[in-house]
Structure formats: structure tokens, C-alpha cells
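K.L.:
Structure incoming, see below.
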Amino acid sequence: MSHPTELNLMMYAEEGLNPTAPNQEALGQEGGAEWRRVHNHVKHCATCRNAVDQLRQETQGLSSALAMATCTSIEIPNPGQFQPKRGLRDLTLATIAVTLTTALVQWSWKALFEELILGGIAWAASTWTPNIYTVSHQIFLFMQEEGIDMFYNHLALIITVIGLLSLFGVSSIWRKSGAVPAVLLTLGVGTTLIGLPPQSHALQIIQQDDSVIVAASETINDTLLITTRTATIHGDIMGNLFVAAEDIEVTGDISGNLLTVADNVTISGSIGGMTVSLADTIIFEDANIAGDLWLAGDTIKLDATSETQGNLASFSSSLAMKAKIAKDMLVAAERVVVSGAIGGNLNAATKHISLLDYATVGGDIIYRTSTQDQLVLGDDVIIQGEIDYQGKPQNFQARNRFQSDRFYLWELLWFVGAFVVGWLLFTLAPSLGRVALGHGKESVKTAGIGFLVLVTVPIVAVIIAITVIGLPLSFITIVAWLTAWYLAKIVLAHLIGRSILAGRSEHSGLVPALFVGLIIVSIAINLPFLGGVLNLLATILGLGLMAQLWLNRDSREPEAG
């Protein structure tokens, strides 16, 4: 029995799906006979019947797929749904960024300058250096007369850099979704915050050759900085007051701190914070100080109507103290006369000290003079504590530091601290442990770079500090410079130890090299006569090594790769 061809079976399967379809009539007599012949054969042939069933299943599947494609359209996904929604996020981030930046600048001005730097100036005033007030006064006057050009040039540089960075940032995000509202909001919020700073952080600067007078009827609701020849403050300052002049008179009320650098200073007003004054002559008349007094000059006088709620630290040639000091009094002078009241201890290093009648000391008297009888007490002096004579002041006598236990204690503390810091430094920054001094011209080059870093960085920091916006950057620069100064000898010590141990072993460890190098450096910088020079040379070389490592950082990256 012959079987139909595959084509006949396929045609039969398609027609068999709908026997009543009009396509069967279109087959004609010959087509109909052929269809009946195949139909009769399929009834009796199981093989052909199975083939027809499979063909019908395939045809049905194809028909269903074509029906779905005709009736249901495939939805094309929206490309936008895969993109992040930047609008609200950019607005939020821009607002947060502007707010944090403005807050950081304002905090930097308040915390870094008004607190830390002012505290640093007060600490520096405690170092009794002859004529320090004259030197400081001349520096301020130089800044007043010659520094205005540096001020404008530096300010222009800062504005240019900020402008370029802003344009670059705007150009990089301008075409992004939601960028226009974000930029407009940033500009609006930034302009508002800069244009309307809080009064507690405002600053007013007066620079002129003529006399500056703040009338008694005038009130300044800003922190005021004055550089002039003569300054007279009769009005009230609702903030801090910084004055550099030849003659200064303050009779008004200052709500914040007072800092003066001059030849002659007279204060008879009320100061809400601490007072730091460097001058040839400092006089307090009917003054009321809420904070501490830090004074350095030639002649210092406090009358009986003056009063301070804090401590008094005075460094001068002569001190006449008739005022009321609520806490302790620390004084270093050639001659000290006390006729007022001291609430705490009196600590003095002087050639002669006198407590006149009715003077009162609420605590102990601790003094250093050439002889014990240089303390003279009046008949009606009241001392509630004890009198402790501690011998001759160290600056009045030549002492061999090598005979002092304190010298060895401090050297041990320095060595341990330098070792720990060095270990952490070379562990976190291994590249510092691979610096080399070189020979000949290379070593001279390293020393030259170190000398430039040592000298120029403080000068640049002072120039930056002329502008208000540059004060935080100036503070950061000084901190980084002091940190590098401290680390300089440690870096050089490790280099020396590594060089010495290199001949004994191919790979000298960090701990032995650092230990040996610190011992050598410690001995060298404490040698009599030569110690100071070697200390300076070690600092210069260490700074040069670190500076060269930083300058050559780009050339080292390909080598590392």
C-alpha cells in the first residue's frame, strides 16, 4: 500500500482543521478526489494518521501565535523609566551643599579664627620676647600700608578660581535632567546666605591713615577690625574688636573679645570676653573685664576701680596692680607691685615683688626671685594660703640642661612619641620610607627645597590670612606646615637608620632603622654649640625629602604600575 506524499498530508491536515471551509469547494473535482483519496487512506493507515495529527498540532500553534500578533500590540518600554529622576534629588543636594558650605565658612570664621587663632595669639603673648609688641605693631602697620594690593590681588585670584570652578560645574550638569532648577536654586540660596550673614559672624574692616573714632552714640553690630595710626573707641561694639595702631583708647563696651597691638593702650570700658594686649604702655582705668587678661608690654598699670572676672597673665618690665582679680594672677616682670585683691593664687617670677597695705591674696603666693627677701609684705596684707619660695628663676641664672632630670624625661618622651608616630607614618605611607637624599647636586637640591618650604609657607599663609575668606585656608596651611616640621626629623632619622643598616642586611626592617636613626638624630640635635645648627639642618632636609616626594608623585605612579 502506497502512502500519500508529505505535501498531500500537509495539505490534508490544514484542510481537515475546518472541513466546512469554502476552500474545499475551491479545490475542484480533481482536488476533491485527491482529498477523499487521502482521507480514506488516513482512516486505515495508523502511520499517516499520526503524521497528520502532528501536522495539525504544528499548524494550530502557528495559527495561535499569528492571532496574538494580530490582536495584541507589543508595548515598547519607555526609555525614561530607566533613567534616574534627577529633578528633586538635584534640588535637594544643591540646597544641602550650599547650606553646608556656608555653614562651614561661618564656622571656620567663628571657631578657627575667633577662638583658636585668638587663643593662639594669647598663647604666643605668654612667651616673653623683648619688644614683641613693637614687632607686631609694625607688622600690622605694614599690612595696612602695603598689604592692600596683596589683599585685592589675592581676592581677585580667589574669585577667579571660584568662578572657573563654578562655570565648569555648571557646564558639566547643564544638559542633565533637572539641572536648571538645581543651578537656579543653588545660586539663589548661595546669594541669600552670603548677602545676609548672621550678625555674630559679620566683619567690618577699617583701614586708613587718619585717626579712627567711634563716637559714643554709635553702635557697631559687627566684629570690627581697625588698622590706623590712632584709634579711639567710645561707642559700643556688638562683637569682637581687633585694633592695630600707635595709640589706642577704648572707653566703650565690647561684647566680645578685645585684641590690641600698639605703642600705648588705655582701656576704661567693659569687655565681655577676654582681652589680649601687646603694647609699650598698657593702662586700665575703671575697666570691667568679663574674661581673662593677657598682657605683654613694658609698663602695665591697673587702677583700683578696674576688675576682671578671669585670670591675669602679665609679662612686662614693671607691673602696678591695684585692681581686683577674681581668679589667679601669673606675672613675669622685673618689678611687681600689688595693692589690689587676687581671688586665687599669685605666681610670680621677678626680681622684686611688693604687696602693699590692704592687698589680698585668696590663695597661695608662689614666687621666684634672686633671694627670698625680695618679697616685701605690707602690714595689713591678707594671705589666705601659703607662701612658697621656689628659688631663683631659670632665666636669671645659667643652668646646665644636662644636669636636669627634666631634660632626660622630655627627651625620652620625645623619642617614644617620635618612634610611635614614625611607625604609623611609614606603615600608612610606605613611600616615605623609600626616599633618598642622593649625592652632590641632588642633596643640595633637597636642602634648597626644604629651606623654601620652611620659609615661604608661613609667608604665604600670612598673605592668605589678609582676606576674610582665606582665614580658614591660612589656618589649615599653618597646621600642615607645623605637622610637616614635626615629621621632618622623623623622616630624616629613618633615612639615616636605613642607610646604616643597609650594609649589614639586604632588607633592613622599619623598627630597627627608625630606632637607630632616632637615636642618632636625638644625640645630634642636643650636642653643645652644634645642636641648634644640626636641628635646623635636619628639619630642612626632612622637609625637602617630603616635598620632593610630593612633587614627584606623578612620575612614580607609572613605575608602580
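K.L.:
Would you pull out the residues with amide H under 5 Å of GLN204's amide H, same chain only if 5 or more places away, H placed 1.01 Å from N?
P.N.:
Here the answer is THR223, LEU224, LEU225, since their amide H atoms fall under 5 Å of that of GLN204.
K.L.:
Right, next: How big is Rg to Rh over the stretch 200-396, alpha-carbon atoms, Rh as the Kirkwood inverse-mean-distance radius?
P.N.:
1.03
K.L.:
Taking R0 as 35 Å, what FRET efficiency do you get between ALA429 and ARG406 from their Cβ-Cβ distance, rounded to the nearest 0.05?
P.N.:
That gives a FRET efficiency of 0.55.
K.L.:
Let me ask something else. Going by average Cβ neighbours within 10 Å, how do the peptides 405-415, 207-217 rank, with the highest at the top?
P.N.:
With the highest mean Cβ count within 10 Å placed first, the list reads 207-217, 405-415.
K.L.:
Quick query: amide H of ASP253 versus all other amide H atoms, modeled in the peptide plane; which residues come in under 5 Å with a sequence gap of 5 or more or a different chain?
P.N.:
ASP236, ILE237, SER270
K.L.:
Tabulate in residue order the Karplus-calculated ³J(HN,Hα) for the stretch 304-321, using 6.51 cos²θ - 1.76 cosθ + 1.60 with θ = phi - 60°, rounded to whole Hz; enter x for Gly and Pro.
P.N.:
Each residue's phi maps through the Karplus curve to give 6, 8, 8, 7, 9, 8, x, 9, 10, 10, 10, 9, 7, 7, 9, 9, 10, 10 Hz.
K.L.:
So if I average 1/r over every pair of distinct C-alpha atoms in the stretch 352-455 and take the inverse, what Kirkwood radius in Å does that give?
P.N.:
Taking the inverse mean of 1/r over all distinct Cα pairs, the stretch 352-455 comes out at 19.6 Å.
K.L.:
Could you order peptides 278-291, 350-363, 426-439 by the average number of other Cβ atoms within 10 Å of their residues, highest first?
P.N.:
278-291, 350-363, 426-439
Only the coordinates and a few stated rules stand behind these numbers; no lab work does. Being a predicted model, the structure only gives us computed values, none of them experimental. As a convention, Cβ positions derive from the backbone with ideal geometry for all residues, glycine included, and neighbour counts pool all protein chains shown.
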